[in-house]
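The values are calculated or read from the model by the stated rules, or taken from the named source; none is laboratory data. The model shown is predicted, which means the values in this text are computed figures rather than measured ones. Ideal geometry is used to build each Cβ from the backbone, glycine not excepted, and the neighbour counts take in all protein chains shown. Quick note on the areas: whole protein, heavy atoms, side chains included, nothing else; ligands and nucleic acids left out. Shrake-Rupley method; radii C 1.70, N 1.55, O 1.52, S 1.80 Å.
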Amino acid sequence: MKYGIMGGTFSPIHIGHLILAEEVRQRYSLDKVFFVPSGTPPHKIGRVYASAAERCEMVELAVRENANFEVLDIEICRSGYSYTVDTVRALKHRHPDDEFFFVTGADALTGLDTWHNFEELAKEVVFIGAGRHGVTHSGLVQKTDFLAQKYGFKIELVETPLIAVSSSEIRRRVAAGESIRYLVPREVEDYIAAKALYLSRHPLYEKMFELTKNRMSSVRFLHSLEVAAEARRLAHIFGEDHEKAELAGLIHDYCKEISDDDARKYIEKYGIEWHSCFAEKPGLAHGEIAAGMLLESGLVDDAAVLDAVRWHTYGSGQMSQLAKIVYVADITEPTRRPFAGQHEVRAALRYSLDAAILAWQPFNEALIRGEFHPNNAKMFESIVSGKNVQT
(Lines give C-alpha, C1' and ligand atoms only; values in the text may rest on other atoms or scores of the structure.)
Protein backbone atom coordinates (compact mmCIF):
# COMPACT_ATOMS: atom_id res chain seq x y z
CA MET A 1 0.00 0.00 0.00
CA LYS A 2 0.98 3.63 -0.46
CA TYR A 3 0.65 6.19 2.32
CA GLY A 4 1.14 9.92 2.47
CA ILE A 5 2.46 11.65 5.58
CA MET A 6 1.28 15.21 6.08
CA GLY A 7 3.27 16.64 8.96
CA GLY A 8 3.19 20.09 10.46
CA THR A 9 2.33 22.19 13.47
CA PHE A 10 -1.19 22.83 12.09
CA SER A 11 -1.69 25.90 14.23
CA PRO A 12 -4.27 25.97 12.86
CA ILE A 13 -4.96 23.55 10.02
CA HIS A 14 -6.53 25.38 7.07
CA ILE A 15 -8.02 24.73 3.64
CA GLY A 16 -4.61 24.93 1.98
CA HIS A 17 -3.44 21.88 3.93
CA LEU A 18 -6.57 19.96 2.98
CA ILE A 19 -6.43 20.87 -0.70
CA LEU A 20 -2.76 19.86 -0.91
CA ALA A 21 -3.39 16.53 0.83
CA GLU A 22 -6.30 15.64 -1.45
CA GLU A 23 -4.46 16.70 -4.60
CA VAL A 24 -1.41 14.58 -3.77
CA ARG A 25 -3.56 11.63 -2.66
CA GLN A 26 -5.30 11.57 -6.00
CA ARG A 27 -2.25 12.22 -8.16
CA TYR A 28 -0.12 9.51 -6.53
CA SER A 29 -2.98 7.05 -5.95
CA LEU A 30 -2.29 7.00 -2.22
CA ASP A 31 -4.41 4.63 -0.15
CA LYS A 32 -4.48 7.08 2.73
CA VAL A 33 -2.95 10.31 3.94
CA PHE A 34 -1.82 10.41 7.57
CA PHE A 35 -2.00 13.84 9.19
CA VAL A 36 0.64 13.96 11.93
CA PRO A 37 0.47 17.10 14.12
CA SER A 38 3.90 17.81 15.54
CA GLY A 39 4.34 17.43 19.27
CA THR A 40 7.17 19.81 20.08
CA PRO A 41 8.82 21.03 16.90
CA PRO A 42 12.32 22.20 17.97
CA HIS A 43 12.28 25.05 15.42
CA LYS A 44 8.88 26.42 16.49
CA ILE A 45 8.53 25.53 20.17
CA GLY A 46 6.35 28.00 22.01
CA ARG A 47 5.34 29.90 18.90
CA VAL A 48 2.54 27.70 17.64
CA TYR A 49 0.07 29.56 19.91
CA ALA A 50 -1.99 26.49 20.77
CA SER A 51 -1.25 23.40 22.81
CA ALA A 52 -0.39 20.08 21.22
CA ALA A 53 -3.74 18.62 22.26
CA GLU A 54 -5.64 21.60 20.82
CA ARG A 55 -3.83 21.42 17.48
CA CYS A 56 -4.52 17.70 17.24
CA GLU A 57 -8.21 18.21 17.99
CA MET A 58 -8.47 20.84 15.24
CA VAL A 59 -6.94 18.46 12.71
CA GLU A 60 -9.36 15.73 13.73
CA LEU A 61 -12.29 18.11 13.26
CA ALA A 62 -10.98 19.15 9.83
CA VAL A 63 -10.50 15.66 8.36
CA ARG A 64 -13.15 13.52 10.04
CA GLU A 65 -15.50 13.50 7.03
CA ASN A 66 -12.83 12.23 4.62
CA ALA A 67 -12.35 8.45 4.85
CA ASN A 68 -9.03 8.79 3.01
CA PHE A 69 -7.56 10.98 5.74
CA GLU A 70 -6.49 9.82 9.20
CA VAL A 71 -4.99 11.69 12.16
CA LEU A 72 -2.10 10.09 14.05
CA ASP A 73 -1.09 11.39 17.48
CA ILE A 74 2.28 9.63 17.61
CA GLU A 75 4.18 12.93 17.85
CA ILE A 76 1.74 14.44 20.34
CA CYS A 77 2.25 11.45 22.64
CA ARG A 78 6.03 11.44 22.28
CA SER A 79 7.91 13.15 25.11
CA GLY A 80 10.59 15.69 24.31
CA TYR A 81 11.20 17.27 20.93
CA SER A 82 9.48 15.95 17.83
CA TYR A 83 11.55 14.86 14.83
CA THR A 84 10.27 13.68 11.46
CA VAL A 85 12.78 10.81 11.29
CA ASP A 86 11.34 9.30 14.47
CA THR A 87 7.84 9.50 13.05
CA VAL A 88 8.87 7.85 9.80
CA ARG A 89 10.63 5.05 11.71
CA ALA A 90 7.51 4.41 13.77
CA LEU A 91 5.24 4.28 10.71
CA LYS A 92 7.57 1.99 8.76
CA HIS A 93 7.72 -0.29 11.77
CA ARG A 94 3.91 -0.54 11.68
CA HIS A 95 3.82 -0.93 7.89
CA PRO A 96 7.12 -2.57 6.93
CA ASP A 97 6.08 -3.57 3.42
CA ASP A 98 4.43 -0.31 2.40
CA GLU A 99 5.65 2.80 0.59
CA PHE A 100 5.61 6.26 2.20
CA PHE A 101 5.50 9.74 0.72
CA PHE A 102 6.18 12.79 2.89
CA VAL A 103 4.08 15.74 1.72
CA THR A 104 5.26 19.25 2.48
CA GLY A 105 5.56 22.72 1.06
CA ALA A 106 8.34 23.64 -1.31
CA ASP A 107 9.83 26.11 1.16
CA ALA A 108 10.40 23.28 3.66
CA LEU A 109 12.20 21.20 1.01
CA THR A 110 14.93 23.79 0.64
CA GLY A 111 15.99 23.15 4.24
CA LEU A 112 15.89 19.33 4.28
CA ASP A 113 19.62 19.11 4.91
CA THR A 114 19.13 20.89 8.24
CA TRP A 115 16.59 18.37 9.56
CA HIS A 116 17.51 16.02 12.38
CA ASN A 117 19.26 12.87 11.05
CA PHE A 118 18.46 14.00 7.52
CA GLU A 119 20.82 11.51 5.88
CA GLU A 120 18.90 8.61 7.40
CA LEU A 121 15.60 10.27 6.54
CA ALA A 122 16.67 10.55 2.91
CA LYS A 123 16.71 6.76 2.66
CA GLU A 124 13.26 6.21 4.12
CA VAL A 125 10.67 8.24 2.18
CA VAL A 126 9.90 10.00 -1.05
CA PHE A 127 9.38 13.73 -0.54
CA ILE A 128 6.61 15.45 -2.44
CA GLY A 129 6.97 19.21 -2.56
CA ALA A 130 4.16 21.55 -3.52
CA GLY A 131 4.82 25.03 -4.81
CA ARG A 132 4.25 27.97 -2.48
CA HIS A 133 4.35 31.73 -2.80
CA GLY A 134 7.83 33.15 -2.27
CA VAL A 135 9.75 30.12 -3.56
CA THR A 136 10.98 30.50 -7.13
CA HIS A 137 10.76 27.39 -9.27
CA SER A 138 14.30 27.65 -10.64
CA GLY A 139 15.80 28.08 -7.17
CA LEU A 140 13.76 25.16 -5.87
CA VAL A 141 14.84 22.82 -8.66
CA GLN A 142 18.47 23.79 -8.14
CA LYS A 143 18.28 23.07 -4.41
CA THR A 144 16.39 19.78 -4.73
CA ASP A 145 18.79 18.57 -7.44
CA PHE A 146 21.67 19.31 -5.07
CA LEU A 147 20.00 17.37 -2.21
CA ALA A 148 19.26 14.43 -4.48
CA GLN A 149 22.82 14.20 -5.81
CA LYS A 150 24.69 14.76 -2.54
CA TYR A 151 22.48 12.97 -0.02
CA GLY A 152 20.26 10.69 -2.09
CA PHE A 153 16.98 12.46 -1.28
CA LYS A 154 14.09 11.27 -3.43
CA ILE A 155 12.17 14.47 -4.16
CA GLU A 156 9.29 15.07 -6.53
CA LEU A 157 7.82 18.48 -7.23
CA VAL A 158 4.16 18.85 -8.06
CA GLU A 159 2.02 21.74 -9.12
CA THR A 160 -1.07 22.15 -6.98
CA PRO A 161 -3.67 24.89 -6.66
CA LEU A 162 -1.94 27.74 -4.85
CA ILE A 163 -4.13 28.98 -2.02
CA ALA A 164 -2.91 32.27 -0.51
CA VAL A 165 -3.62 31.29 3.08
CA SER A 166 -1.26 30.49 5.91
CA SER A 167 -1.55 29.59 9.56
CA SER A 168 0.28 32.79 10.53
CA GLU A 169 -2.24 34.88 8.60
CA ILE A 170 -5.12 33.12 10.31
CA ARG A 171 -3.56 33.77 13.72
CA ARG A 172 -3.09 37.42 12.79
CA ARG A 173 -6.72 37.75 11.72
CA VAL A 174 -8.03 36.15 14.91
CA ALA A 175 -5.89 38.44 17.08
CA ALA A 176 -7.15 41.44 15.10
CA GLY A 177 -10.78 40.38 15.38
CA GLU A 178 -11.09 39.72 11.63
CA SER A 179 -13.10 36.92 10.04
CA ILE A 180 -11.49 33.57 9.18
CA ARG A 181 -14.65 32.17 7.58
CA TYR A 182 -13.84 29.88 4.61
CA LEU A 183 -10.10 29.92 5.43
CA VAL A 184 -10.55 27.01 7.82
CA PRO A 185 -13.33 24.39 8.11
CA ARG A 186 -16.32 25.71 10.05
CA GLU A 187 -15.73 23.22 12.88
CA VAL A 188 -12.19 24.54 13.28
CA GLU A 189 -13.42 28.13 13.26
CA ASP A 190 -15.88 27.32 16.05
CA TYR A 191 -13.21 25.47 18.01
CA ILE A 192 -10.81 28.43 17.85
CA ALA A 193 -13.53 30.72 19.18
CA ALA A 194 -14.57 28.32 21.97
CA LYS A 195 -10.98 27.76 23.12
CA ALA A 196 -9.97 31.43 22.83
CA LEU A 197 -6.98 30.50 20.68
CA TYR A 198 -4.66 33.00 19.00
CA LEU A 199 -5.71 35.95 21.11
CA SER A 200 -3.29 38.74 21.96
CA ARG A 201 -0.47 37.99 24.39
CA HIS A 202 0.91 39.81 27.38
CA PRO A 203 3.77 42.22 26.48
CA LEU A 204 6.10 40.17 28.70
CA TYR A 205 5.18 36.80 27.21
CA GLU A 206 7.96 36.45 24.62
CA LYS A 207 10.65 37.60 27.03
CA MET A 208 9.47 35.29 29.80
CA PHE A 209 9.08 32.48 27.30
CA GLU A 210 12.81 32.56 26.55
CA LEU A 211 13.86 32.96 30.17
CA THR A 212 11.56 30.17 31.36
CA LYS A 213 12.63 27.82 28.57
CA ASN A 214 16.29 28.31 29.47
CA ARG A 215 15.65 27.49 33.15
CA MET A 216 13.76 24.24 32.69
CA SER A 217 14.04 20.72 31.42
CA SER A 218 12.11 20.15 28.20
CA VAL A 219 9.45 18.09 30.00
CA ARG A 220 8.84 20.78 32.63
CA PHE A 221 8.75 23.49 29.99
CA LEU A 222 6.21 21.63 27.90
CA HIS A 223 4.02 21.29 30.98
CA SER A 224 4.32 25.05 31.52
CA LEU A 225 3.20 25.74 27.95
CA GLU A 226 0.17 23.50 28.44
CA VAL A 227 -0.73 25.21 31.73
CA ALA A 228 -0.44 28.58 29.96
CA ALA A 229 -2.84 27.42 27.24
CA GLU A 230 -5.28 25.96 29.75
CA ALA A 231 -5.15 29.11 31.90
CA ARG A 232 -5.89 31.27 28.86
CA ARG A 233 -8.87 29.06 28.00
CA LEU A 234 -10.26 29.19 31.55
CA ALA A 235 -9.77 32.95 31.72
CA HIS A 236 -11.84 33.33 28.57
CA ILE A 237 -14.61 31.17 30.06
CA PHE A 238 -14.68 32.85 33.46
CA GLY A 239 -14.23 36.45 32.35
CA GLU A 240 -10.66 36.98 33.54
CA ASP A 241 -7.74 38.69 31.78
CA HIS A 242 -6.48 36.03 29.34
CA GLU A 243 -3.11 37.73 28.82
CA LYS A 244 -2.29 37.68 32.53
CA ALA A 245 -3.61 34.15 32.94
CA GLU A 246 -1.46 32.84 30.08
CA LEU A 247 1.63 34.63 31.41
CA ALA A 248 1.10 33.32 34.95
CA GLY A 249 0.62 29.80 33.59
CA LEU A 250 3.83 30.06 31.60
CA ILE A 251 5.96 31.09 34.59
CA HIS A 252 4.15 29.23 37.39
CA ASP A 253 6.97 26.65 37.69
CA TYR A 254 9.78 29.16 37.17
CA CYS A 255 11.61 27.82 40.26
CA LYS A 256 10.27 24.25 40.26
CA GLU A 257 13.63 22.68 39.47
CA ILE A 258 15.90 24.53 41.90
CA SER A 259 17.86 22.42 44.38
CA ASP A 260 16.71 21.84 47.96
CA ASP A 261 19.65 23.85 49.27
CA ASP A 262 18.76 26.82 47.06
CA ALA A 263 15.10 26.51 48.02
CA ARG A 264 16.01 26.78 51.72
CA LYS A 265 18.13 29.85 51.03
CA TYR A 266 15.34 31.56 49.12
CA ILE A 267 12.74 30.70 51.75
CA GLU A 268 14.88 32.61 54.23
CA LYS A 269 15.80 35.39 51.81
CA TYR A 270 12.20 36.19 50.85
CA GLY A 271 10.82 35.79 54.38
CA ILE A 272 8.54 32.92 53.42
CA GLU A 273 6.70 31.55 56.46
CA TRP A 274 8.26 28.26 57.49
CA HIS A 275 6.09 25.15 57.76
CA SER A 276 7.00 21.61 58.70
CA CYS A 277 6.45 20.37 55.15
CA PHE A 278 9.48 22.40 54.06
CA ALA A 279 11.82 20.46 56.33
CA GLU A 280 12.15 17.53 53.93
CA LYS A 281 10.68 19.16 50.81
CA PRO A 282 11.64 22.84 50.66
CA GLY A 283 10.88 22.80 46.93
CA LEU A 284 7.17 22.87 47.78
CA ALA A 285 7.67 26.61 48.24
CA HIS A 286 8.70 27.03 44.61
CA GLY A 287 5.65 29.18 43.84
CA GLU A 288 6.39 31.65 46.62
CA ILE A 289 10.09 31.57 45.73
CA ALA A 290 9.34 32.29 42.06
CA ALA A 291 7.12 35.24 42.96
CA GLY A 292 9.88 36.67 45.14
CA MET A 293 12.56 36.13 42.51
CA LEU A 294 10.53 37.56 39.64
CA LEU A 295 9.66 40.67 41.65
CA GLU A 296 13.18 41.19 42.97
CA SER A 297 14.70 40.88 39.50
CA GLY A 298 12.20 43.33 38.04
CA LEU A 299 11.06 40.82 35.44
CA VAL A 300 7.42 40.82 36.58
CA ASP A 301 5.80 43.38 38.88
CA ASP A 302 2.10 42.72 38.27
CA ALA A 303 0.72 41.81 41.70
CA ALA A 304 -2.12 39.69 40.31
CA VAL A 305 0.22 37.62 38.12
CA LEU A 306 2.70 37.17 40.97
CA ASP A 307 -0.05 36.07 43.36
CA ALA A 308 -1.20 33.46 40.84
CA VAL A 309 2.36 32.14 40.65
CA ARG A 310 2.82 32.36 44.42
CA TRP A 311 -0.18 30.24 45.39
CA HIS A 312 -0.49 27.73 42.56
CA THR A 313 0.90 24.83 44.61
CA TYR A 314 -0.93 24.92 47.95
CA GLY A 315 -3.36 27.77 47.53
CA SER A 316 -4.23 30.55 49.91
CA GLY A 317 -7.11 31.72 52.04
CA GLN A 318 -7.27 34.84 49.87
CA MET A 319 -7.24 33.47 46.35
CA SER A 320 -8.04 35.82 43.49
CA GLN A 321 -9.95 34.55 40.47
CA LEU A 322 -6.75 34.65 38.45
CA ALA A 323 -4.90 32.62 41.09
CA LYS A 324 -7.69 30.03 41.11
CA ILE A 325 -7.46 29.75 37.33
CA VAL A 326 -3.73 28.94 37.42
CA TYR A 327 -4.22 26.57 40.37
CA VAL A 328 -6.86 24.63 38.43
CA ALA A 329 -5.01 24.81 35.09
CA ASP A 330 -2.01 23.15 36.73
CA ILE A 331 -4.28 20.20 37.56
CA THR A 332 -6.31 19.97 34.37
CA GLU A 333 -3.87 20.71 31.54
CA PRO A 334 -4.53 17.91 29.03
CA THR A 335 -1.07 16.33 28.83
CA ARG A 336 -0.52 15.96 32.57
CA ARG A 337 -0.22 12.40 33.79
CA PRO A 338 -3.58 11.28 35.30
CA PHE A 339 -3.84 11.19 39.09
CA ALA A 340 -6.58 10.64 41.65
CA GLY A 341 -9.19 13.42 41.59
CA GLN A 342 -8.14 14.94 38.27
CA HIS A 343 -11.23 13.71 36.43
CA GLU A 344 -13.51 15.12 39.14
CA VAL A 345 -11.84 18.53 38.89
CA ARG A 346 -12.32 18.64 35.13
CA ALA A 347 -15.97 17.64 35.44
CA ALA A 348 -16.63 20.27 38.12
CA LEU A 349 -15.29 23.03 35.87
CA ARG A 350 -18.66 22.93 34.12
CA TYR A 351 -20.04 24.69 37.17
CA SER A 352 -17.36 27.01 38.55
CA LEU A 353 -13.72 27.39 39.53
CA ASP A 354 -14.66 26.97 43.19
CA ALA A 355 -16.47 23.73 42.43
CA ALA A 356 -13.39 22.48 40.60
CA ILE A 357 -11.12 23.27 43.54
CA LEU A 358 -13.49 21.67 46.03
CA ALA A 359 -13.61 18.53 43.89
CA TRP A 360 -9.98 17.82 44.77
CA GLN A 361 -9.01 17.85 48.44
CA PRO A 362 -5.73 15.92 48.72
CA PHE A 363 -5.29 16.35 52.47
CA ASN A 364 -4.69 12.70 53.30
CA GLU A 365 -2.39 12.17 50.35
CA ALA A 366 -0.38 15.29 51.25
CA LEU A 367 -0.08 14.17 54.87
CA ILE A 368 1.23 10.76 53.80
CA ARG A 369 3.83 12.31 51.49
CA GLY A 370 4.80 14.97 54.03
CA GLU A 371 3.60 17.76 51.73
CA PHE A 372 0.67 19.16 53.69
CA HIS A 373 0.68 22.97 53.87
CA PRO A 374 -1.88 24.76 56.07
CA ASN A 375 -2.74 27.15 53.26
CA ASN A 376 -4.40 24.27 51.47
CA ALA A 377 -6.99 23.89 54.21
CA LYS A 378 -7.45 27.67 54.40
CA MET A 379 -8.18 27.80 50.68
CA PHE A 380 -10.93 25.19 50.98
CA GLU A 381 -12.32 26.86 54.10
CA SER A 382 -12.50 30.25 52.37
CA ILE A 383 -14.42 28.77 49.43
CA VAL A 384 -16.87 26.85 51.60
CA SER A 385 -17.50 29.82 53.91
CA GLY A 386 -17.51 32.38 51.14
CA LYS A 387 -15.03 34.50 53.11
CA ASN A 388 -11.33 35.20 52.79
CA VAL A 389 -9.34 33.37 55.41
CA GLN A 390 -6.15 35.02 56.67
CA THR A 391 -3.08 33.28 55.26
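Structural remarks
- Inside the stretch 172-195, residues that are open to solvent by 50 Å² or more (accessible area, probe 1.4 Å), in contact (Cβ under 8 Å) with a residue 40 or more places away in the chain and either in a strand (DSSP E or B) or of a type in the set (D, E, K, R) (or both) make up a count of 1.
- Here L234 does not qualify as open to solvent by less than 50 Å² (accessible area, probe 1.4 Å) and not in a helix (DSSP H, G or I).
- Summed over the stretch 73-111, the residues that are among the β-branched types (V, I, T) and open to solvent by less than 10 Å² (accessible area, probe 1.4 Å) give a count of 4.
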